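This report refers to the structure that appears directly beneath it.
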Amino acid sequence: MAVFTPLTEPQVAEFLSRFDAGSLVSLEGVPAGTENTTFFVTTDRRELVLTLFEQGEHEELPFFVELLDYLDEHRLPVPGPLHDRDGVALHTLADKPALLFPKLPGKSPLAPNLAQCRELGDTLGRMHVVSRHFPGHRPNPRDLHWLLPMHHKVLVYLSPQDQALMKDEVEIYQGFFGDAPALPQGALHGDLFRDNTLFDGDRLGGLIDFYNGCTGDLLFDLAIVINDWATGSDGRLDAERHDAILAAYLARRPLTPAERDAWPMMLRLTALRYWLSRLLVVYVDPPAHDLTPHDPDQFLTILKARLEHGALPLPEVSE
Ligand SMILES: Nc1ncnc2c1ncn2[C@@H]1O[C@H](COP(=O)(O)OP(=O)(O)OP(=O)(O)O)[C@@H](O)[C@H]1O
Ligand SMILES: N[C@@H](CCO)C(=O)O
């Protein structure tokens, strides 16, 4: 159960009265989610999602509102936050920052089919085409600049072999990305795992949970997607899902030669990024609640598979 801050119906009814969104009919706490408190709110006009921000950088919230507004204006399937009658999206409720969103249709796919993979690749490609012109700025908080200091914090918890692997990898990324030409920049989702998408059958209902959103290398976003969406249980890439996502993505946004060169290394870097963030949650900074943390070893397995087998060839896309 992840309703960290309970709300009463009168509290939510009063909150809703600032918006042009109808009157409260029902309120339901959402058990999924580990970071924020989420409620499904039904009014006499529409279905909404109310999010209370429990942790993290509250000063970053205006960036997320700006990003979601921008993507929504560009017709990407994201929950564009509702603005109240004065044009304000970000409010305070029960002493927590609060945002109200449209409820998007669908469920997160655990085993996405190829049509869903194509849909995701196409949408991410469209998003990256428009996000290159997004005017906001929030440096990627999980890129190499973060890996460098943070990996030292977990080395003590690792076997000698895994310590060596992590240290060697970070050093290799430093050498590679330090010398590599700049990669195309834009706004990223930053955590586009399957559980941050909703599908209604094969139709993408929406991308959610933009709270890792930032600006940086677009390739970073794509590598996160491939490592989560197109990996088998042994950590190896699943060629069919890989090709379905990438063919659809590349048809929207071809990679530059520098991105093609960096691709195998970016798959490794983003695998290590999640191995490390999950290790930090388990050993260094466990959350107050007792929800089971994600398994760090899953991304160690993925990293080892990328090292052993490399990347798959990128699909050919006719221009
Ligand atoms: N706009 C939306 N439309 C429909 N469902 C939504 C929407 N936003 C959130 N949800 C539902 O609420 C759940 C929790 O939302 P969210 O992922 O934002 O919370 P979180 O605490 O940040 O979770 P996480 O553990 O993924 O970081 C989602 O898994 C999804 O089922
Ligand atoms: N997607 C992340 C958790 C949320 O940031 C993970 O799987 O570790």
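The values are calculated or read from the model by the stated rules, or taken from the named source; none is laboratory data. Just so it is clear, the model here is predicted, and its values are computed rather than measured. Cβ sites come from the backbone with ideal geometry, for glycine too, and all protein chains shown count toward neighbours.
Anything in segment 1-20 that is surrounded by fewer than 19 Cβ atoms within 10 Å (Cβ to Cβ) and either farther than 16 Å from L291 by Cβ or modelled with pLDDT of 95 or more (or both)? List them, or say none. P6, T8, E9, P10, Q11, A13, E14, S17, R18, F19, D20, listed by residue number. Scanning segment 263-319 for residues that are modelled with pLDDT under 95 and crowded, with 22+ Cβ neighbours inside 10 Å yields nothing. Listed by first and then second residue, the pairs with beta-carbon distance under 8 Å, at least 6 apart or on different chains, first residue in segment 261-287 and within 15 Å of Y173 (Cα to Cα) and hydrophobic (A, V, I, L, M, F, W, C), second at pLDDT below 95 and more than 14 Å from ligand 2 (Cβ to nearest atom), are A262/A180. Has segment 169-177 got any residue that is touching a residue at least 40 places away in the same chain (Cβ under 8 Å), within 16 Å of ligand 2 (Cβ to nearest atom) and assigned by TED's automatic domain parsing to the domain that holds H294? No, every residue in segment 169-177 fails to be touching a residue at least 40 places away in the same chain (Cβ under 8 Å), within 16 Å of ligand 2 (Cβ to nearest atom) and assigned by TED's automatic domain parsing to the domain that holds H294. Applying the condition of being surrounded by fewer than 18 Cβ atoms within 10 Å (Cβ to Cβ) and charged (D, E, K, R) to segment 132-161 and asking which residue is farthest from W275 (Cα to Cα) yields R132. If you go through segment 95-122 and keep only what is among the hydrophobic types (A, V, I, L, M, F, W, C), in contact with a strand residue (DSSP E or B) (Cβ under 7 Å, 6 or more places away or on another chain) and either modelled with pLDDT under 95 or assigned to a helix (DSSP H, G or I) (or both), you end up with just L120. I need a count of the residues in segment 57-82 that are of a type outside the set (A, V, I, L, M, F, W, C) and either in contact (Cβ under 8 Å) with a residue 60 or more places away in the chain or on the phi > 0 side of the Ramachandran plot (or both). Residues meeting the conditions: 6. In segment 154-202, the residue that is farthest from D297 (Cα to Cα) out of those that are in a helix (DSSP H, G or I) and at pLDDT below 95 is D179. Only a single item in (1) free of Cβ contacts under 8 Å to residues at least 12 places away in the same chain; (2) crowded, with 18+ Cβ neighbours inside 10 Å is not met by N196, and it is number (1). Please go through (1) among the small types (G, A, S); (2) buried (at least 19 other Cβ atoms within 10 Å of the Cβ); (3) touching a strand residue (DSSP E or B) at 6+ places or on another chain (Cβ under 7 Å) for G125 and return the number of the only condition it doesn't satisfy. Status for G125: all satisfied but (3).
Residues considered: R126, R118, R194, R203. Of these, the only one that is within 16 Å of ligand 2 (Cβ to nearest atom) and either charged (D, E, K, R) or under 28 Å from E308 (Cβ atoms) (or both) is R194.
Residue-by-condition table, conditions (1) buried (at least 21 other Cβ atoms within 10 Å of the Cβ); (2) out of contact with any Cys (no Cβ under 6 Å at 6 or more places or on another chain); (3) not hydroxyl-bearing (S, T, Y):
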site: G205; (1), (2), (3): no, yes, yes
site: D217; (1), (2), (3): yes, yes, yes
site: A230; (1), (2), (3): yes, yes, yes
site: E240; (1), (2), (3): no, yes, yes
site: A244; (1), (2), (3): yes, no, yes
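Condition check ((1) in a helix (DSSP H, G or I); (2) out of contact with any Gly (no Cβ under 6 Å at 6 or more places or on another chain); (3) within 15 Å of ligand 1 (Cβ to nearest atom)) across all residues:
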site: A21; (1), (2), (3): no, yes, yes
site: P31; (1), (2), (3): no, yes, yes
site: F39; (1), (2), (3): no, no, yes
site: E54; (1), (2), (3): no, yes, yes
site: E59; (1), (2), (3): yes, yes, no
site: E66; (1), (2), (3): yes, no, no
site: P81; (1), (2), (3): no, yes, yes
site: A89; (1), (2), (3): no, yes, yes
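Residues checked against (1) buried (at least 20 other Cβ atoms within 10 Å of the Cβ); (2) out of contact with any Leu (no Cβ under 9 Å at 6 or more places or on another chain); (3) on the phi > 0 side of the Ramachandran plot:
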| site | (1), (2), (3) |
| --- | --- |
| G87 | no, yes, yes |
| A94 | no, no, yes |
| A111 | no, yes, no |
| G121 | yes, no, no |
| V130 | no, no, no |
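How about segment 206-234: which of its residues are within 16 Å of ligand 2 (Cβ to nearest atom) and either aromatic (F, W, Y) or farther than 16 Å from L124 by Cβ (or both)? Selection gives F210, Y211, F220, W229, T231, S233.
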